[in-house]
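Worksheet: one structure, shown below.
Computed from the coordinates by the stated procedures, all read-outs in this text should not be read as laboratory data. Just so it is clear, the structure is predicted and the values come from calculations on it, not from any experiment. Every residue, glycine among them, receives a Cβ derived from its backbone with ideal geometry; neighbour counts consider all protein chains shown.
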Amino acid sequence: MDKLPQIILQISTYFVSAGIILTALRLIKGPTMADRVVALDAFTVISISLIVLIACIAGRVIFLDVGVVYAILSFIGVVAVARHIEGGL
Amino acid sequence: MELQQGIFILMGVAMIVSSIVAMYVKDLVSSVIAVGVVSLFASILYLILQAPDVAMTEAAIGAGLSTLIFLYALKRTRDTEEEND
Amino acid sequence: MEWNTLLGSILTLSGSIFLFLGALGVFRMPDLYNRMQAGTKATTLGTMLTLLGIGICHTEWLGQIIILIMFIALTNPISSHALARAAHFKGIPLTAKSVTDKLKEEESKEEVR
């Protein structure tokens, strides 16, 4: 059973963390509300990847369930905010 | 160990900054979004601290349920405020 | 080094680079729609590549990771489409460099009829 090498895990985690910080900067800076929602939409997808990378670092399979639950609920949240912008909900 | 400490410090600083954004932003829906982001950072911190069940509960309540309830409350209250004006 | 470790490493690294470039596009693009395009396509591809690389290396996790990949591939375009539609109908303007707006032309044609 081969694991992912440690150096690849480190470099990937640094890239994904830099992506999360950039998206959070857009979420802080964004001039209107819709910009912040777009930043949230990109942010949740990147954070799912970070959760799976942390699961690979820690080596526990139950961390993947957190990623599945977060994927479902963030989708519901983003669609709810979009409906609220459009005028429904 | 060093890698996890680095992620921990980075996520903690970003969590504090986004909670400050949630306090000082003008728009209420943007504030709700910032609260959801704070909840996501807290979920990642719980994951690094080896507590997956707490992280799952935090993600479910913070991302899904509280966003929906806040948006529903905003819709309801905005209607009555416009009637009063 | 086995072949599946090598393949998984390459997939994970390229996926994380795609995620970083998508986040850079979200930070630097001038317009809401450009930002949405960078933040949806690149992050969807990057997440799928990263998860597939980890799933190839850790073979016993492959079932849950395939469920996650299918879920992201199904739901991420739906949420992005709902956001773009809401932003366009709310009247958020395009950037000054943009050339055409087909949806607005179609709406004006419908109103003329």
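Need one number: convex hull volume per residue for chain C, Cα atoms only, in Å³.
On the way: hull volume 13.6 nm³, N = 113.
Cα-based convex hull of chain C, divided per residue, equals 121 Å³.
Can you check how the C-alpha radius of gyration of the range B:2-84 compares to 2.2 N^0.38 Å, as a plain ratio?
Here the Cα radius of gyration is 1.31 times the empirical estimate.
At a 10 angstrom cut-off on C-beta neighbours, averaged per residue, how do the peptides A:63-72, C:63-72 rank from highest to lowest?
Going by the mean number of other Cβ atoms within 10 Å, highest first, we get A:63-72, C:63-72.
Please report Rg (one decimal) and Dmax (integer) in Å for the Cα set of the protein assembly as shown.
Both quantities, over Cα of the protein assembly as shown: 19.5, 72 Å.
Quick one: which of B:Lys75/C:Lys41; A:Lys29/B:Lys26; B:Lys75/C:Lys90 span more than 21 angstrom between C-alpha atoms?
Correct reply: B:Lys75/C:Lys41.
Calculate the spin-label point distance for C:Thr95 paired with B:Ile61, positioning each point 7 Å from the Cα along the beta-carbon direction, and give it in nanometres.
It works out to 4.2 nm between the two label points.
Under a point spin-label approximation (7 Å from Cα along Cα-to-Cβ), what is the B:Gln5-A:Gln6 distance to one decimal in nm?
1.5
In a GNM of chain B with a 10 Å cut-off on Cα contacts, which of B:Ala73, B:Ala60, B:Ala42 has the highest mean-square fluctuation?
B:Ala73
Just to be sure I understand the model, the point goes 7 Å from the Cα along the line to the Cβ. What's the resulting A:Glu86 to B:Ala51 distance in nm?
Result: 3.8 nm between the two label points.
Sum up the charges of everything whose Cβ sits under 15 Å from the Cβ of C:Leu21, counting Lys and Arg as +1 and Asp and Glu as -1, but leave C:Leu21 out.
Details: positive: A:Arg26, C:Arg28, C:Arg35, C:Lys41; negative: none.
Neighbourhood net charge equals +4.
What does the charge add up to near B:Ile33, with Lys and Arg as +1, Asp and Glu as -1, over the other residues with Cβ less than 11 Å from its Cβ? Mind showing how you got there, number by number?
On the way: positive: A:Arg36; negative: A:Asp35, A:Asp41, B:Asp27.
It works out to a net charge of -2.
Residue by residue through the range C:59-74, which ³J(HN,Hα) values in whole Hz follow from phi under the Karplus form 6.51 cos²θ - 1.76 cosθ + 1.60 (θ = phi - 60°), with glycine and proline marked x?
For the range C:59-74, the Karplus-derived couplings read 5, 6, 9, 5, x, 5, 5, 5, 4, 5, 5, 5, 5, 5, 5, 7 Hz, x marking Gly and Pro.
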